[in-house]
């Protein structure tokens with residue numbers, strides 16, 4: 001059976017003890033795990049405290065991260081590419097502190113940084129080189145890297161499952177895999193089923209996210225097609241809700257969230273029920 005998770009980015013991008021009451025309530029709703037954003041917290045020990053608290057509740061953890069212009073794996077600058085590797089290694093360390101086994105996200109290239117041209121062979125080569133070394137480091141911590149394709153308005157290196165699959169094959173490391181996000185796929189893929197078939201050999205994680213980043217099931221994502229596609233590939237990993245709000249203004253501003261979609265607790269409670277229902281219907 002798949003496991004159901006919730007990304008606490010709906011409240012904060014900062015891992016701290018202030019998230020404990022939120023995690024407690026997510027446990028009561030019935031979630032199997034929680035996902036945290038690995039940022040640049042000044043206190044790395046906060047990740048260990050969070051991981052310990054989740055474990056005490058019987059919750060598992062996963063993590064997500066991004067890189068920026070100064071830590072861009074596809075930069076023309078070798079110095080910046082080296083900084084990218086250091087930043088990803090730091091994120092792997094924090095993922096380990098959380099007791100998490102998956103670090104997902106679009107850290108193959110800097111978020112929302114564009115070069116005014118499509119992805120080039122050299123850039124794909126640079127990304128593969130950095131991520132291969134990162135995967136080797138992740139293996140030592142028993143962390144799986146699950147790379148994410150983003151929509152064309154946030155990324156140009158990997159928008160589709162075909163492009164993401166190609167990058168993972170270039171990296172060629174057992175600890176470098178892929179994730180699938182229903183929000184980004186809604187923009188970039190023709191159909192969910194074929195996209196999931198494409199990424200199935202390297203798929204390690206799934207984000208359940210509505211077209212407007214609100215409550216899953218309330219928008220226009222073709223969920224029957226999504227779940228039929230997941231069932232067709234016998235998916236058995238995480239289904240983690242990733243939804244956004246303006247509760248953390250700095251993070252919201254960085255990803256272009258300018259309004260509220262649904263109350264985070266509406267998303268958490270109704271989203272959990274929705275995933276349970278759809279998973280039961282399709283035998284996940």
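The numbers here are math on the coordinates, done by the rules we state, and not lab data. Since this is a predicted model, take the numbers as computed values, not measurements. In this analysis, Cβ positions are derived from the backbone assuming ideal geometry, glycine residues included, and neighbour counts consider all displayed protein chains.
Here are a few things to note about the model shown:
- Helical mean residue ellipticity (222 nm; -39500 (n - 2.57) per DSSP H run of 4+; nearest 500) of the chain: -13500 deg cm²/dmol
- Cα centroid of segment 48-97 to Cα centroid of segment 131-173, whole Å: 14 Å
- Spin-label model distance (nm) - residue 82 vs residue 120, 7 Å beyond Cα toward Cβ: 2.2 nm
- Once C-alpha pairs closer than 8 Å and six or more residues apart are averaged by separation and normalised to the residue number of the chain, the relative contact order reads 19 percent.
- The distance separating the Cα centre of segment 178-218 from that of segment 99-116 comes to 16 Å.
- Relative exposure of 220, 184, 173, 108, judged by other C-beta atoms within 10 Å (fewest first): 220, 173, 184, 108
- Start at zero, step by 10 Å, and the Cα-Cα distances of segment 3-282 spread as 7, 31, 39, 21, 2, 0 percent across the bins.
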